[in-house]
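Just so it is clear, none of the values below were taken in a lab; they were calculated from the coordinates. These numbers were taken from a predicted model, which means no experiment stands behind them. Methodologically, a virtual Cβ is constructed for each residue, glycine included, from the backbone with ideal geometry; neighbour enumeration extends over all protein chains shown.
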Amino acid sequence: MIKKKLMMLGPPGAGKGTQAKLLSKEHDLAHISTGDMLRRAKEQGTELGKKAASYMNEGELVPDEVVIGIVRETLSDPEIAEGFILDGFPRTVEQAEALERMGIELDTVLNVVVDEPTIIERLSGRRSCTSCGETYHIQYNPPQREGVCDVCGEELVQRADDQPDAIRTRLEEYHAKTAPLIAFYRDRDKLIDIDGEQSPEEVEEQIQGVLR
Ligand code: AP5
């Protein structure tokens, strides 16, 4: 029987989104990606999007209170709160404590471990669909037609924060603010390390194995 309240932890480009999408389909769990939500808000030009845009483009974390508010609203839906995968949240100890104050107890935190050269290779080769958000990699998961989304036929672009300067800032933010969550969840006996250096299929297989 699969555990149902999951979180993907790991540095930028570790493959959290790729695995969260697969798990969500396979086990009918809500995929809650704060990065996707913020990007959508940015594209739609909402107040939230305007607030988040400058932080995201630079590779900095959006302020805790903004992100905690979106997640609290999403998890206030009882159907979603029953089974979900958090992807990119919590990202700071303050966010993790806020999640606990919401009365949400995670079953398992999947910590996807990759080294820095892999992160840089994955982020610089990633292409994302401007319309449906599907993600590709020019080498590891290329679209059938270069620059065109297989799912909806729209244009593929490189994310603004996948440029070298922003990648550097994201890595600094990860080490300073997100990596402390490894100890936070290890102390609570929730953390399981996943070897993210393997192929997407092998990573998926390892995750399915630990959840079984
Ligand atoms: P977010 O979108 O969450 O970015 P991230 O954590 O940096 O993660 P990524 O989406 O870059 O990578 P991923 O691990 O999902 O990798 P993916 O599967 O795409 O956040 C963006 C920004 O929003 C933040 O910088 C911040 O400003 C803001 N934000 C979001 N949440 C926040 C929060 N809680 N608090 C504050 N601010 C927040 O894979 C990467 C590439 O590798 C793809 O091309 C993929 O095809 C390929 N790939 C994946 N797995 C493999 C594999 N096993 N082998 C080979 N290639 C692979």
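Sorted by packing (mean other beta-carbon atoms within 10 Å per residue), highest first, where do 109-118, 81-90, 183-192 land?
Packing proxy ranking, top to bottom: 81-90, 109-118, 183-192.
What FRET efficiency comes out for the pair ASP193/ASP115, r = Cβ-Cβ distance, R0 = 22 Å, nearest 0.05? Walk me through the numbers before you get to the answer.
Working: r = 13 Å, r/R0 = 0.60.
Computed FRET efficiency for ASP193 and ASP115 comes out at 0.95.
Between GLU82 and GLU202, what length comes free when the chain is fully extended (0.36 nm per residue of separation minus the Cα-Cα distance, one decimal in nm)?
Result for the pair: 40.4 nm of gain on full extension.
Going highest first, how would you order 59-67, 31-39 by mean Cβ packing within 10 Å?
The peptides rank, most packed first, as 31-39, 59-67.
Cut-off under 16 Å on the C-alpha distance; same-chain residues fewer than 8 positions from LYS42 excluded. Which lysines are left, in chain and number order?
LYS42 reaches LYS50, LYS51.
Could you derive backbone 3J(HN,Hα) for the range 189-195 from the dihedral phi with the Karplus parameters 6.51, -1.76 and 1.60 (θ = phi - 60°), listing whole Hz in sequence and x where the residue is Gly or Pro?
Whole-Hz 3J(HN,Hα) from phi for the range 189-195: 6, 10, 8, 10, 7, 10, 7.
How far apart, in nm, are the 7 Å Cα→Cβ label points at LYS4 and GLU105?
1.5
What is the calculated FRET efficiency for LYS25 to VAL66, with r their C-beta to C-beta distance and R₀ = 22 Å, to the nearest 0.05?
Calculated value: 0.15.
Within a Cβ distance under 13 Å of ALA166, other residues only, what is the Lys/Arg minus Asp/Glu net charge?
Local net charge: -3.
Residues with amide H under 5 Å of ALA30's amide H, sequence separation 5 or more or different chain, H placed in the peptide plane at 1.01 Å from N; which?
Residues meeting the criterion, in which the H sits 1.01 Å from N, are GLY83, PHE84, ILE85.
Per the helix-only calculation at 222 nm, which mean residue ellipticity applies to the chain, given -39500 (n - 2.57) for every DSSP H run of n ≥ 4 and division by its residues, nearest 500 deg cm²/dmol?
Rounded to the nearest 500, the figure is -14000 deg cm²/dmol.
With θ taken as phi - 60° and the coefficients 6.51, -1.76 and 1.60, list the Karplus ³J(HN,Hα) couplings across the range 46-62 in order, rounded to whole Hz; mark glycine and proline as x.
My calculation for the range 46-62 gives 6, 4, 4, x, 5, 5, 7, 3, 5, 4, 5, 4, 7, x, 8, 6, 6 Hz in order.
THR18: net charge of surrounding residues, Cβ under 11 Å, Lys/Arg +1, Asp/Glu -1, itself excluded?
Once all neighbours under 11 Å are counted, the net charge is 0.
What does the charge add up to near VAL93, with Lys and Arg as +1, Asp and Glu as -1, over the other residues with Cβ less than 15 Å from its Cβ? Write down the numbers at each step before the final one.
Details: positive: ARG91, ARG101, LYS177, ARG186, ARG188, LYS190; negative: ASP64, GLU65, GLU94, GLU97, GLU100, GLU173, ASP187.
Surrounding charge for VAL93 is -1.
Once you sort the root eigenvalues of the Cα gyration tensor of the range 113-212 as a ≥ b ≥ c, which label holds: rounded (a/c under 1.5), prolate (a/b larger than b/c) or oblate (the other case)?
Judged from the Cα gyration tensor, the range 113-212 comes out oblate (a/c at least 1.5, b/c at or above a/b).
Using the Karplus equation 6.51 cos²θ - 1.76 cosθ + 1.60 (θ = phi - 60°), what ³J(HN,Hα) coupling, rounded to whole Hz, does each residue of the range 110-124 give in order, writing x for Gly and Pro?
8, 9, 7, 9, 9, 9, 5, x, 5, 4, 5, 5, 5, 6, 6
Do you know the relative contact order of the chain, to the nearest whole percent, from alpha carbon pairs under 8 angstrom that are 6+ apart?
Values: 307 pairs, mean separation 63.7, N = 212.
Contact order relative to length: 30 percent.
Please tell me the relative contact order of the range 1-119 in percent, rounded to the nearest whole number, where contacts are Cα pairs under 8 Å and at least six residues apart.
48
Between the range 181-212 and the range 116-147, how far is it from one alpha carbon centroid to the other, in angstrom?
The range 181-212 and the range 116-147 have Cα centres separated by 23 Å.
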